1. Quick check, is Phe57 part of a helix (DSSP H, G or I), under 13 Å from the mean Cα position of the chain (by Cα), free of Cβ contacts under 8 Å to residues at least 40 places away in the same chain and more than 24 Å from Val23 (Cα to Cα)?
2. Six or more apart or on different chains, Cβ under 6 Å: which pairs go from a residue in segment 117-142 that's on the phi > 0 side of the Ramachandran plot and touching a residue at least 24 places away in the same chain (Cβ under 8 Å) to one that's in a helix (DSSP H, G or I) and surrounded by fewer than 21 Cβ atoms within 10 Å (Cβ to Cβ)? Could you list them?
3. So, Tyr116, is that one assigned to a helix (DSSP H, G or I) and farther than 18 Å from Val12 by Cβ or not?
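Only the coordinates and a few stated rules stand behind these numbers; no lab work does. On a predicted model such as this, the values are computed, not experimentally measured, just so you know. Cβ sites come from the backbone with ideal geometry, for glycine too, and all protein chains shown count toward neighbours.
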Amino acid sequence: MSSFGKSVVLFVATGAGSGFVPVMPGTAGTAAGVVLFFILSSLSLSLYLLTTVAFIFIAIWNAHQAALYLQVKDPPQVVIDEIAGYLVTMASFPFTWPYVAAGFIMFRIFDIIKPYPTGWIDRKVPGGYGIVLDDVAAGIYANIVLQVFRLMI
């Protein structure tokens, strides 16, 4: 791949550079996910889900390529996985600041504590699949918690 192609892969994988913040790059990547969620939030649920699934597949390939370039199994600069996980977290929710903030917090909690099978995926699944799918699992957990909160209010 050309150096331009490599630069594009790294730009996308790092969430437009948000993954290069020196402290808590995953949190910065999740913040980039908020921006993408804002853009996608006006879609119908079916189109949002289709777009999110497509994004996950792109993220898997992109994260794998970036890990190869950076020669690290799961580089902290690669935050496209956090973006994908946040999009999963916010599936079926409107863009309102209470939901955005609650989703952000819930996703980060599940991404950090990695309850089963999230941690297993992170440790055992190789390449881009492992980099991205543990965050997708964390996003599923966070979405479930948000759905329960929504039913309670």
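1. yes
2. From residues that are on the phi > 0 side of the Ramachandran plot and touching a residue at least 24 places away in the same chain (Cβ under 8 Å), the pairs are Gly127/His64.
3. Here the answer is no, as Tyr116 does not meet what is asked.
Rundown of residues vs (1) within 19 Å of Val12 (Cβ to Cβ); (2) aliphatic (A, V, I, L, M); (3) within 12 Å of the chain's Cα centre (by Cα); (4) surrounded by fewer than 23 Cβ atoms within 10 Å (Cβ to Cβ), yes/no style:
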position: Gly33; (1), (2), (3), (4): yes, no, yes, no
position: Ser46; (1), (2), (3), (4): no, no, no, yes
position: Gln65; (1), (2), (3), (4): yes, no, no, yes
position: Pro76; (1), (2), (3), (4): yes, no, no, yes
position: Met106; (1), (2), (3), (4): no, yes, no, yes
position: Gly130; (1), (2), (3), (4): yes, no, no, yes
position: Ala138; (1), (2), (3), (4): no, yes, yes, no
